[in-house]
Amino acid sequence: MSGAREEVGSPEGLWVNLTRERARSGRCVLCGKCASECSSFRLLGNEIYSPRGRMALIEKFLDGSLKPGKKFYSSIMNCLLCGACEKNCPSRVRPRLAVLLVRNAPLFEPHFQRHRQCLTMEMKDGYPALLFEKMGLKVPAEKIPTAQMRGEPCTIPSDSHHVFYFPGCMDDIFFKDSCRAAELLVRKLGYEFCLPSGVVCCGALHLFTGMLGGAQRIAMNNISALNASRNAPILCDCATCAATLRLYPELFPAGSEEEGLARKFAERVFVLTDWLDKAHLHSGMFRSLNGLSVAYDEPCTLRYDMCATSAPRRILSFLQGINLVKFPQDDCSAGLPLLFDAGEESAAAMIQRNKADFLKNNPVDILVTEDSFSRMWWQTNLAGEGRGKIQVMALSELLAQYLT
Ligand code: SF4
Ligand code: SF4
């Protein structure tokens, strides 16, 4: 990918072309439909935080008519990357994608410098352990996997009884139980569970920090690692990983060979619970939970990228004896911005604080998520507030515990 730039310099190159081609493929007609969907706009209450406001700033920036300053920076950094705006835009404008690509601009270099240094140093092994440590997440050395330690080669012939599991680096390092739970559930439905070797991080961390070249290399690595698995489904327990894998075609120029490969790959990606639902998981497979209170925190990426919100709710209804506690607001959680950049004033943090405050008055036994980044946020925050008694787990883990 010779044109890709993560060492930033002039605002020319592949990222500018991609931003133009992908995010501005439709022209914003200022209809405002997206504003009502945007939590960042609702919480921060200024047009620069609305999707169309962001697009207006980005257009001016790309045309060279805006000298980027604090306002531009704040607008871009406060996007939750939820993708809600892209679902209802009549002109097919892509504000979220534009925000992701424009983070490759020099303005963001100082902010992401240390993240980028860690990611650049570490990606030969595919696991950003050092970056996690910089984010305050302790990574025991023995837990850091290497590509050689993990999984099997993807040479198993593809047929309807094989599925491939993409663990993502967070799950692989911090939440190995969710991988074991996924395996139990998949096997219970009569499918072969394959944990492939050679796959690395999904690339969300690179995209988030504006390392477009790194994200492209990761995408091609994962696509080749799973190439021999042909058409078998690729399952992710983390909705952000799944959404990032689905975004791969957008990272390459239209009509390129890479885009074609990425498109075929993306069509095979599912969130685990959505696939389980399609594979006919049913209530007879679970025993009763004896009155456990459970809160479910829906990830934005599940709602807007994967459009897979009905499956987890249906599956939760299979668990007899569960008291499902609903959050009063309908806001979903933006996992990655939460863990990376949740200053007190950020929209992502505001949403999450409201949920945490609600749980203070409405205690639950278990909080389930389908996103590794928001799961980590919950674990660190509930523990920090002395409420470590609330168990935080992936929905798959809850299901696996109660399988008959
Ligand atoms: S919905 Fe699309 S066209 Fe309408 S204001 Fe938002 S970005 Fe512009
Ligand atoms: S991705 Fe989400 S937060 Fe960002 S502009 Fe779109 S709706 Fe708003």
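Please treat every number below as a calculation from the coordinates, not as lab data. Everything quoted here is computed from the prediction, not taken from an experiment. So basically every Cβ, Gly included, is an ideal-geometry build from the backbone, and we count neighbours across all protein chains shown.
Amide hydrogen proximity for A334: with H placed 1.01 Å from N in the peptide plane, the residues at 5 or more positions away or on another chain lying under 5 Å are C300.
A cut-off of 5 Å between modelled amide H atoms, ignoring neighbours fewer than 5 places along the same chain, links V325 with V294, A295, Y296. Normalised by 2.2 N^0.38 Å, where N is the number of residues, the alpha-carbon radius of gyration of the stretch 318-404 equals 1.10. Based on Cα contacts under 8 Å between residues 6+ apart, the stretch 278-401 shows a relative contact order of 29 percent. Using the average count of surrounding beta-carbon atoms within 10 Å as a protection proxy, the listed peptides 241-247, 178-184 rank, highest first, as 241-247, 178-184.
In this structure the amide hydrogen of D371, modeled in the peptide plane, comes within under 5 Å of the amide hydrogens of A239, none closer than 5 places in sequence on its chain.
Here are some pairs, K33/K70; K87/K355; K138/K176; which of them have Cα atoms lying more than 19 Å apart in this structure?
Flagged as over cut-off: K33/K70; K87/K355.
Each peptide in 59-67, 76-84, 29-37 receives the mean, over its residues, of other Cβ atoms within 10 Å, and ordering these scores from highest gives 76-84, 29-37, 59-67.
The stretch between L189 and C307, if pulled fully straight at 0.36 nm per residue, gains 40.2 nm over its current Cα-Cα span.
Taking a ≥ b ≥ c as the square roots of the eigenvalues of the alpha carbon gyration tensor, the stretch 211-332 is prolate, as a/c is not under 1.5 and a/b beats b/c. A simple spin-label model places the labels of D330 and L30 2.8 nm from each other, with each point 7 Å out along Cα-to-Cβ. If each residue of separation counts as 0.36 nm, what is the full-extension length gain between S74 and N361 once their alpha-carbon separation is subtracted? Using 0.36 nm per residue and subtracting the Cα-Cα distance, I get 100.0 nm. When you restrict to C-alpha pairs under 8 Å that are six or more residues apart and normalise by the size of the stretch 57-109, the relative contact order lands at 34 percent.
Modelled this way, with points 7 Å down the Cα-to-C-beta line, the labels at Q391 and S288 are 1.8 nm from one another.
Distance between the modelled labels on E257 and L137, one decimal in nanometres: 3.5 nm (7 Å Cα→Cβ projection).
Rounded, prolate or oblate: which one fits the stretch 14-104, using the alpha carbon gyration tensor with axes a ≥ b ≥ c (rounded when a/c is under 1.5, else prolate when a/b beats b/c, else oblate)? Taking the square roots of the gyration eigenvalues as a ≥ b ≥ c, the stretch 14-104 is oblate.
Considering only alpha-carbon pairs that sit under 8 angstrom and 6 or more positions apart, the relative contact order computed for the stretch 154-293 is 27 percent.
For the stretch 230-251 versus the stretch 288-344, the inter-centroid distance based on Cα atoms is 20 Å.
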